[in-house]
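Structure first, then comments.
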Amino acid sequence: MNDCIFCKIIRKEVPAYIVYEDEHSVAFLDINPISLGHILVVPKKHYERITDMPEDYLKEFMASVQKVAKIIETKLSRDYNIVVNHGSKAGQIINHVHFHIIPRYGQEQLFIWTTHKLTEEEAEKILDTLKGV
Ligand code: AMP
Ligand code: ZN
């Protein structure tokens, strides 16, 4: 047993607006939605990051994410973002893997990215860091 709020939702100890459930995953409405129908899909087993999950279990979980995405496409919008935050700098608040599926209707303020043109020097440096991956 742990204190994780999402584990409590999975164990039905804390109420949630569950929209989908199967053997491996639960999907429920985010209580602070960016748009109507903003859903969180979570694996039933507690892992902090997708990199912690055994590959087979991650595959089962991704099949559940796809099912929920199909529900969103059919019932709400074919435009949506799937977002996963890992680590505090990336905005992860709940340390239990969760995929946000956020339907887009056109008015949402989300992902105002500040970018720059990649330089050759930057590209070479980062490729050097990543090489062997
Ligand atoms: P993240 O910032 O990626 O960790 O996202 C955590 C999300 O969980 C936030 O969007 C919260 O609004 C949502 N959240 C936190 N507690 C609950 C809860 N009890 N039921 C539904 N959503 C929750
Ligand atoms: Zn948990």
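The numbers here are math on the coordinates, done by the rules we state, and not lab data. Owing to the predicted nature of the structure, the values given are computational and were not obtained by experimental measurement. Note that each Cβ is placed from the backbone with ideal geometry, even for glycine, and that neighbours are counted across all protein chains shown.
The orientation-averaged shadow of the Cα convex hull for the chain, equal to a quarter of the hull surface, comes to 10.5 nm². Rounded, prolate or oblate: which fits the range 94-133 when a ≥ b ≥ c are the square roots of the eigenvalues of the alpha-carbon gyration tensor, with rounded for a/c under 1.5 and prolate only if a/b beats b/c? Note, shape of the range 94-133 comes out oblate. Looking at the square roots a ≥ b ≥ c of the eigenvalues of the Cα gyration tensor of the range 1-67, which shape do they give, rounded for a/c under 1.5, prolate if a/b is larger than b/c, or oblate? In terms of gyration-tensor shape, oblate. Quick one: Cα centre-to-centre distance for the range 84-133 and the range 40-76, in angstrom? The distance from the Cα centre of the range 84-133 to that of the range 40-76 comes to 19 Å.
Each of His46, His116, His38 was scored by other Cβ atoms within 10 Å of its Cβ. Arranged with the fewest first, they read His116, His46, His38. Among the GluC sites (Glu not before Pro) in the range 1-55, those located in a DSSP loop and surrounded by at most 14 other Cβ atoms within 10 Å of their own Cβ are Glu13, Glu23. Compute the acute angle (0 to 90°) between the alpha-carbon long axis of helix 55-75 and the principal axis of greatest extent of the alpha-carbon atoms of the chain; round to the nearest 10°. Tilt relative to the chain: about 80 degrees.
The amide H of Tyr20, built 1.01 Å from its N in the peptide plane, has Ala27 as neighbours under 5 Å, considering only residues 5 or more places off or on other chains.
Taking θ as phi - 60° and the Karplus parameters 6.51, -1.76 and 1.60, the scalar couplings of the range 101-107 work out to 10, 10, x, 10, 10, x, 9 Hz in sequence order, x denoting glycine and proline. Annotation: extensible slack from Asp3 through His116 equals 36.5 nm (criterion: 0.36 nm per residue apart, minus Cα-Cα distance).
Charge tally for Ile72 (other residues, Cβ to Cβ under 12 Å; Lys, Arg +1; Asp, Glu -1): +3.
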